[in-house]
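Student: Pasting a structure here, questions to come.
The values are calculated or read from the model by the stated rules, or taken from the named source; none is laboratory data. Every value quoted in this text rests on a predicted model; they were computed, and no experiment measured them. Cβ sites come from the backbone with ideal geometry, for glycine too, and all protein chains shown count toward neighbours.
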Amino acid sequence: MSNQASLNHRPLKDVNKFEKLEIVGELAAGIVHEIRNPLTSISGFVQLLEQGVHNKEYFNLIYSSFNDIEEYLKALSIIASPQPNEQKLVNMKLLVEDIIEQTKEEINSNHVRFNTEFDSEFPNIQCDETQMKLVFKHLITNSIEATLNEGIVSIFVRREDPNLLIKITDTGVGMSKERLARLGEPFFNLKEKGTGIGLMVCYRIIWQYNGSIFIESEENKGTTIEVRIPYLEYM
């Protein structure tokens, strides 16, 4: 009997429990996968050191693996409890421009041309700047990595009452309808590989500000991400 047929014969209460267990199972599998990889690297280099094979680079790689685990645990903490640490008025134009410069330095983006457009006037957002940078760095980096062969990443920030709209469009590889439909599922990623933990963090942070993330995409044509964040007028 198929899983769907089995569900159809279960009481509603049991179906809800079954669905929750499936989600927990997916989360557990993603966590195990994401933590096991750096642990395997650490274990391998420790074994080499025990065998007397000494290389200073091994220590750098071990520390890097520890950092990967730490960053992953931080992301899980945000998903579990994304309370902002310190809220202040943030200018999204300056934040986006800063992220673009950072990503240019950190990843190879020479093949990408950036196009930015900002309304002449729009309100600042009351938020945790660190969390907001985390969201847009992840989304912009994804767009860059999906864009090939002299592609374009366009970023627009404009007022769309009662929200501030931040729109990121790329001319990259895009996604199929099937993959697009699965976005938002536990540990499903924008890219072919990965657990999708970064996208989950983005959703979680934006939702805490009563905002929304909308993604549309077409294979071989690109992806558009629209983030809307409600704002209050500040004098």
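Student: When you look at Ser176, is it out of contact with any helix residue (DSSP H, G or I) (no Cβ under 9 Å at 6 or more places or on another chain) and at pLDDT 90 or above, yes or no? Even if it seems obvious, please write down each step before you answer.
Tutor: Details: out of contact with any helix residue (DSSP H, G or I) (no Cβ under 9 Å at 6 or more places or on another chain): yes; at pLDDT 90 or above: no.
Here the answer is no, as Ser176 does not meet what is asked.
Student: On to the next question. Among the strands (runs of 3 or more DSSP E) lying completely within segment 114-182, list those that include at least 3 residues that are closer than 12 Å to Ile225 by Cα. Spell out how you get there, then give the answer.
Tutor: Values: elements: 125-128, 151-160, 163-170.
Fully inside segment 114-182 and qualifying: 151-160, 163-170.
Student: Give the residues of segment 148-178 that are in contact (Cβ under 8 Å) with a residue 60 or more places away in the chain and within 20 Å of the chain's Cα centre (by Cα), sorted by residue number.
Tutor: Val157, Leu164, Leu165, Ile166, Lys167
Student: Can you tell me how many residues in segment 115-137 are surrounded by fewer than 17 Cβ atoms within 10 Å (Cβ to Cβ) and of a type in the set (Val, Ile, Thr)?
Tutor: Adding up the residues that qualify gives 2.
Student: Going by what's in this entry, would Ile140 be described as under 20 Å from the mean Cα position of the chain (by Cα), closer than 20 Å to Ile197 by Cα and surrounded by fewer than 17 Cβ atoms within 10 Å (Cβ to Cβ)?
Tutor: Details: under 20 Å from the mean Cα position of the chain (by Cα): yes; closer than 20 Å to Ile197 by Cα: yes; surrounded by fewer than 17 Cβ atoms within 10 Å (Cβ to Cβ): no.
No, not satisfied.
Student: Mind checking which pairs have a first residue in segment 211-229 that is closer than 14 Å to Ala181 by Cβ and among the aromatic types (Phe, Trp, Tyr) and a second that is at pLDDT 95 or above and buried (at least 17 other Cβ atoms within 10 Å of the Cβ), Cβ under 7 Å, 6 or more apart or different chains?
Tutor: If the second residue must be at pLDDT 95 or above and buried (at least 17 other Cβ atoms within 10 Å of the Cβ), the pairs left are Phe214/Glu226.
Student: Right, here's the next one. Of the residues Val112, Val96, only one is in contact with a helix residue (DSSP H, G or I) (Cβ under 9 Å, 6 or more places away or on another chain), surrounded by 11 or more Cβ atoms within 10 Å (Cβ to Cβ) and at pLDDT 90 or above; which? Talk me through it step by step, then tell me what you get.
Tutor: Details: Val112 fails: at pLDDT 90 or above.
Just a single option satisfies the conditions, and that option is Val96.
Student: Okay, next question. Of all residues in segment 45-73 being closer than 19 Å to Glu34 by Cα and either surrounded by fewer than 12 Cβ atoms within 10 Å (Cβ to Cβ) or acidic (Asp, Glu) (or both), which is modelled with the lowest pLDDT? Walk me through it before giving the result.
Tutor: So the first thing to find is which residues in segment 45-73 are closer than 19 Å to Glu34 by Cα, and the list is 45, 61-73.
From what is left, the residues that are either surrounded by fewer than 12 Cβ atoms within 10 Å (Cβ to Cβ) or acidic (Asp, Glu) (or both) are 63, 67-68, 70-71.
On the way: Tyr63: 88, Asn67: 80, Asp68: 78, Glu70: 78, Glu71: 71.
By that ranking, first place goes to Glu71.
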